[in-house]
Amino acid sequence: MTTPRRTDRSLSSSEHATLTETATAHNYAPLPVVVAEARGAWVTDVDGRRYLDCLAGYSALNFGHGHPVLLRAAREQLERVTLTSRAFYNDRLGPFARDLAALAGMERVLPMNTGAEAVETGIKVARRWGYRVKGVPADRAQIVVAAGNFHGRTTTIVSFSTDASAREGFGPFTPGFTVVPYGDADALRAALTPETVAVLLEPVQGEAGVVVPPPGYLAAVRQACTDAGVLFIADEVQSGLGRTGATFACELEGVVPDVYLLGKALGGGIVPVSAVVSTSAVLDVLTPGSHGSTFGGNPLAAAIGHAVVGLLETGEYQERAAKLGVQLRDRLDDLVGHGVQAVRTRGLWAGIDVDPALMTGRAACERLAARGVLVKDAHGQTIRLSPPLVVEPADVDRAVDALAAVLGEAAR
Ligand SMILES: Cc1ncc(COP(=O)(O)O)c(C=O)c1O
């Protein structure tokens, strides 16, 4: 007789953690919280304990867990058809692409799945555009990127990361990238050569700790790209789709890039959906067979993505992020000098540098989790706050109160 397997449901929190560490590769170091259910801005662990989710899947859950409109779109589509491949048309992709392009003020969409795939696609499009439209000699294309960037984890993308832990042991790397300091428009302009095809930037560097560039930087980058005949690719995978209080973070600086890279919240936290959104002149450099994805543009993803676009068209979430963002900033600013060295915010998104004399960012996250608030450290001393945009004002206060208590406790 074989012993029946215990169901997942009967495992304790620590058993789940041990099982996960035993059965998966160790490419993450999760906080010791085992989530079993979630709704809105709240998650519940396997022991029934509730936590305020102030990470929101790194902004993939901008609309919260289980948004009824997105769940309805997903359920309806699950019963109809989920995957066709792009070998055939499906009745969901066209309407989704049309409305996403309109939301972005662009003309065309190239659907993919993960953020990294959108970035890879953007790089391929820019190179081909450089050769076919700009006339750059074959295999000479250069793309200018910023130090401190985070664009994903593929071999090509880590090739231009400046984070040693993202690169170590993964060479040889893809050539064709020039790194300049983030926030320095003169350095960027000076790096553009006749072989430069694109500048690829995050309008706010999320993983670096919500690093907001100086006012006027994005506009100066836009101008430099226009002057040099170079594509400005804005990676809005994390900053886009409402997080900053605008549909796109570029909007806050009055800037329109040539290409948007979108992901995360585009899938409503339900399925991975990403997209490259641009003009026909740019995306038409791709021809059948030159690029693709089995899952990109599948009807389930398109139905959910379309519902996400519908939510954003109301403007309600952007407005909420802007309003709650002011509350978050005001409350966090009061902590500067009280265990916090610096705070950077953009909408409902904050990078908080914890005083190293008190604790590391990781320790702050662990102590916040013990108080029922989930956040994630970015680099060393920085913690990042990005609650779902549906969070209640009282819960924004609750998160900041918990942080103040954690810091106050350590200072005693
Ligand atoms: C700006 C940016 N680009 C790209 C990515 C990669 O997205 P994914 O993890 O879906 O590949 C991320 C992920 O954090 C990101 O923040």
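The values are calculated or read from the model by the stated rules, or taken from the named source; none is laboratory data. Note that this is a predicted model, so its numbers are computed, not measured. All Cβ positions, glycine included, derive from the backbone under ideal geometry; neighbour counts span all protein chains shown. Remember, those area values only see protein heavy atoms, side chains included, never the ligands or the DNA or RNA. Shrake-Rupley method; radii C 1.70, N 1.55, O 1.52, S 1.80 Å.
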Accessible area (Å², per residue) of segment 68-313, counting only protein heavy atoms and a probe of 1.4 Å: 40
Nearest 10 degrees, 0 to 90: helix 68-80 Cα axis against the chain principal axis: 70
Only Lys, Arg (+1) and Asp, Glu (-1) charged, at Cβ; the chain dipole about Cα centre in debye: 740
Other-chain or far-sequence residues with amide H under 5 Å of Glu37's (modelled H): Thr44
Cβ-placed point charges (K, R +1; D, E -1), dipole of segment 174-273 about Cα centre in debye, nearest 20: 180
Once the Cα gyration tensor of the chain is diagonalised, semi-axes √(5λ) in Å: 34, 27, 21
GNM flexibility winner over the chain from Asp355, Asp163, Asp258 (Cα, springs under 10 Å): Asp163
Cys365 accessible area, 1.4 Å probe, all protein chains in place, Å² to nearest 10: 0
Computed label-point distance, nm, for sites Leu11 and Thr24 using a 7 Å Cα→Cβ extension: 1.0
Stretchable slack from Glu79 to Ser165, in nm (0.36 nm times residue separation minus alpha-carbon distance): 26.7 nm
FRET efficiency for Ala363 and Val256, using Cβ-Cβ distance with R0 set to 41 Å, rounded to 0.05: 0.50
Pairwise FRET efficiency - Asp47 versus Phe173, Cβ, R0 = 35 Å, nearest 0.05: 0.20
Accessible-area composition of the chain, carbon plus sulfur, in percent [1.4 Å probe]: 53
Tilt relative to the chain, helix 361-370 - C-alpha long axis, 0 to 90 degrees, to 10: 50
Listed pairs Lys124/Lys323; Lys134/Lys376; Lys124/Lys264 exceeding 32 Å between Cα atoms: Lys124/Lys323; Lys134/Lys376
Candidates Pro111, Pro272, Pro393, ranked by Gaussian network fluctuation over the chain, Cα under 10 Å, top entry: Pro393
The chain, helix-only ellipticity at 222 nm - DSSP H runs n ≥ 4, -39,500 (n - 2.57), divided by all residues, nearest 500: -10500 deg cm²/dmol
Globularity ratio of segment 242-398, using Cα Rg and 2.2 N^0.38 Å: 1.24
Under the Karplus curve 6.51 cos²θ - 1.76 cosθ + 1.60, θ = phi - 60°, whole-Hz ³J(HN,Hα) for segment 95-102, x wherever Gly or Pro sits: x, 4, 5, 4, 6, 5, 4, 5
Max mean-square fluctuation residue, GNM over the chain, Cα-Cα springs under 10 Å, options Ala301, Ala265, Ala224: Ala224
Segment 292-366 and segment 79-136: distance between their alpha carbon centers, rounded to Å: 25
Estimated FRET transfer efficiency when R0 is 41 angstrom, pair Gln327-Ser280 (beta carbons, to 0.05): 0.50
Amide H partners (placed H, <5 Å) of Ala342, local residues excluded: Asp353
